[in-house]
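Peer 1: One structure, pasted below without further comment.
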Amino acid sequence: MRYKYDNGNLSIKLEEELDMNSCKVLRNIMDGYIMKYQPREVEIDLSKVQFMDSSGIGLLMGRYNLTKLIDANLVITNPSNSIKRILELSNIASKITLKYNEV
Amino acid sequence: MNNFFEIKIKAENENVAVVRVAIATFISNLEITIDDLMDIKTAVSEAVTNSIEHGYYNNINDENTVTIRAYIENNEEDNIKIEIEDSGVGIEDIELATTLAYTSKPELEHAGMGFTIMETFMDEVFIDSKKDEGTIITLIKRIKKRKSGN
């Protein structure tokens with residue numbers, strides 16, 4: 001995981017496989033940064049994530065709930081096709097902003 | 001070709017990645033699309049995680065194990081059958097457990113999507129569970145053979 005904070009935007013780039021093992025650790029780290037910076041927008045970049053199961057949905061849902069509490073936007077960028085399919089199975093796809101950047 | 005393999009892991013979350021790699025390697029000789037391969041990896045990941053999180057309540061000791069058996073059967077199409085077996089607490093209410101977005105552990109940020117993903121990504125899912133004895137999840141995926149020349 002890498003992160004960058006710039007002018008109200010907290011950008012988090014996830015690089016690991018998102019399963020229960022990694023998500024249990026990641027959620028604490030991500031919440032630490034979100035609470036520290038209190039950003040207006042949290043961007044979670046999934047372009048380097050090769051695998052995600054429903055634990056990843058739990059991770060994104062949890063961060064969505066936290067960003068809503070501090071009145072920030074959550075943007076998910078560049079999920080792979082298979083991750084996009086998993087997002088669309090849950091109702092998170094209708095709540096968050098999905099964005100595709102030119103890579 | 002008919003083929004099978006079996007692995008047994010200690011019920012620990014960090015071992016789920018090992019199972020995913022093993023399954024992906026085992027079926028990679030088939031003519032299989034990346035989408036099908038990802039579907040199978042994801043469904044297996046869900047089932048094994050369920051065994052660890054719910055079957056054993058994350059109670060890590062050497063007696064708590066999950067056994068994964070995978071079979072490839074060659075007929076008109078390739079059938080991949082995967083069994084995930086634990087000897088945990090069992091699923092008391094299967095209907096409830098398989099309801100979309102139901103989770104017994106919302107405080108742990110479980111999305112309640114495990115069985116939905118298994119049922120969506122696989123062709124058949126069977127749940128065989130006995131209270132205090134354990135659970136066997138059977139996942140089946142049929143891989144359509146491509147016509148030669150394609």
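Peer 1: Restricted to the range B:1-20, and to residues that are within 11 Å of chain A (Cβ to nearest Cβ) and not polar (S, T, N, Q), which residue is nearest to B:Thr65 (Cα to Cα)?
Peer 2: Restricting to residues being within 11 Å of chain A (Cβ to nearest Cβ) and not polar (S, T, N, Q), the top hit is B:Glu12.
Peer 1: Kindly provide the set of residues from the range B:44-80 that are surrounded by fewer than 18 Cβ atoms within 10 Å (Cβ to Cβ) and in contact with an Asp or Glu (Cβ under 7 Å, 6 or more places away or on another chain), ordered by number.
Peer 2: Of everything in the range B:44-80, those that are surrounded by fewer than 18 Cβ atoms within 10 Å (Cβ to Cβ) and in contact with an Asp or Glu (Cβ under 7 Å, 6 or more places away or on another chain) turn out to be B:Ile60, B:Thr67, B:Arg69, B:Asn79.
Peer 1: Among A:Asp71, A:Asp53, which is the only one that is at positive phi and not hydrophobic (A, V, I, L, M, F, W, C)?
Peer 2: Unique residue meeting the criteria: A:Asp71.
Peer 1: Now for a different question. Which one is farthest from B:Asn13 (Cα to Cα) among residues in the range B:93-117 that are of a type in the set (A, V, I, L, M, F, W, C) and free of Cβ contacts under 8 Å to residues at least 12 places away in the same chain?
Peer 2: B:Leu96
Peer 1: Could you tell me which of the residues B:Glu83, B:Glu46 is within 13 Å of chain A (Cβ to nearest Cβ), within 20 Å of B:Phe5 (Cβ to Cβ), acidic (Asp, Glu) and out of contact with any Pro (no Cβ under 7 Å at 6 or more places or on another chain)?
Peer 2: Criteria check complete, one pass: B:Glu46.
Peer 1: If you go through the range A:29-65 one residue at a time, how many are aromatic (Phe, Trp, Tyr) and under 23 Å from A:Glu88 (Cβ atoms)?
Peer 2: Qualifying residue count, the range A:29-65: 2.
Peer 1: Here is a further query. Go through (1) surrounded by 21 or more Cβ atoms within 10 Å (Cβ to Cβ); (2) touching a strand residue (DSSP E or B) at 6+ places or on another chain (Cβ under 9 Å); (3) more than 14 Å from B:Ile84 (Cβ to Cβ) one by one and return the number of the condition B:Met38 breaks.
Peer 2: If we test B:Met38 against (1) surrounded by 21 or more Cβ atoms within 10 Å (Cβ to Cβ); (2) touching a strand residue (DSSP E or B) at 6+ places or on another chain (Cβ under 9 Å); (3) more than 14 Å from B:Ile84 (Cβ to Cβ), just (2) comes out false.
Peer 1: Also: Within the range B:49-65, restricting attention to residues that are among the β-branched types (Val, Ile, Thr) and within 11 Å of chain A (Cβ to nearest Cβ), which residue is nearest to A:Val49 (Cα to Cα)?
Peer 2: Among those that are among the β-branched types (Val, Ile, Thr) and within 11 Å of chain A (Cβ to nearest Cβ), it is B:Thr49.
Peer 1: Within the range B:27-63, work out how many residues are among the aromatic types (Phe, Trp, Tyr) and at pLDDT below 95.
Peer 2: 1
Peer 1: Another question about this same structure. Which members of the range A:67-91 meet the condition of being more than 10 Å from chain B (Cβ to nearest Cβ), buried (at least 16 other Cβ atoms within 10 Å of the Cβ) and of a type in the set (A, V, I, L, M)?
Peer 2: Correct list: A:Ala72, A:Leu74, A:Val75, A:Ile76, A:Leu87.
Peer 1: Going through B:Ala70, B:Ala43 one at a time, which residue ends up being of a type in the set (A, V, I, L, M) and touching a Leu at 6+ places or on another chain (Cβ under 6 Å)?
Peer 2: B:Ala43
Peer 1: Just the residues that are within 14 Å of chain B (Cβ to nearest Cβ) and surrounded by fewer than 21 Cβ atoms within 10 Å (Cβ to Cβ), please, taken from the range A:30-48.
Peer 2: Across the range A:30-48, the qualifying residue is only A:Asp31.
Peer 1: Is at least one residue of the range A:1-24 more than 10 Å from chain B (Cβ to nearest Cβ), among the aromatic types (Phe, Trp, Tyr) and either within 28 Å of B:Glu46 (Cα to Cα) or touching a helix residue (DSSP H, G or I) at 6+ places or on another chain (Cβ under 7 Å) (or both)?
Peer 2: Looking for residues that are more than 10 Å from chain B (Cβ to nearest Cβ), among the aromatic types (Phe, Trp, Tyr) and either within 28 Å of B:Glu46 (Cα to Cα) or touching a helix residue (DSSP H, G or I) at 6+ places or on another chain (Cβ under 7 Å) (or both), one finds at least one in the range A:1-24, hence yes.
Peer 1: Are any residues in the range A:92-103 within 18 Å of A:Pro39 (Cα to Cα) and within 14 Å of another protein chain (Cβ to nearest Cβ), and if so, which ones?
Peer 2: Selection gives A:Ile96 alone.
Peer 1: Can you tell me how many residues within the range B:86-109 are within 14 Å of another protein chain (Cβ to nearest Cβ) and either of a type in the set (A, V, I, L, M, F, W, C) or surrounded by fewer than 18 Cβ atoms within 10 Å (Cβ to Cβ) (or both)?
Peer 2: Residues in the range B:86-109 being within 14 Å of another protein chain (Cβ to nearest Cβ) and either of a type in the set (A, V, I, L, M, F, W, C) or surrounded by fewer than 18 Cβ atoms within 10 Å (Cβ to Cβ) (or both): 11 in total.
Peer 1: Go through the range B:110-136 residue by residue and tally those that are more than 14 Å from chain A (Cβ to nearest Cβ) and in contact with a strand residue (DSSP E or B) (Cβ under 8 Å, 6 or more places away or on another chain).
Peer 2: Counting residues in the range B:110-136 that are more than 14 Å from chain A (Cβ to nearest Cβ) and in contact with a strand residue (DSSP E or B) (Cβ under 8 Å, 6 or more places away or on another chain) gives 10.
The values are calculated or read from the model by the stated rules, or taken from the named source; none is laboratory data. Everything quoted here is computed from the prediction, not taken from an experiment. With ideal geometry, Cβ positions are generated from the backbone for all residues, glycine too; neighbour counts draw on all protein chains shown.
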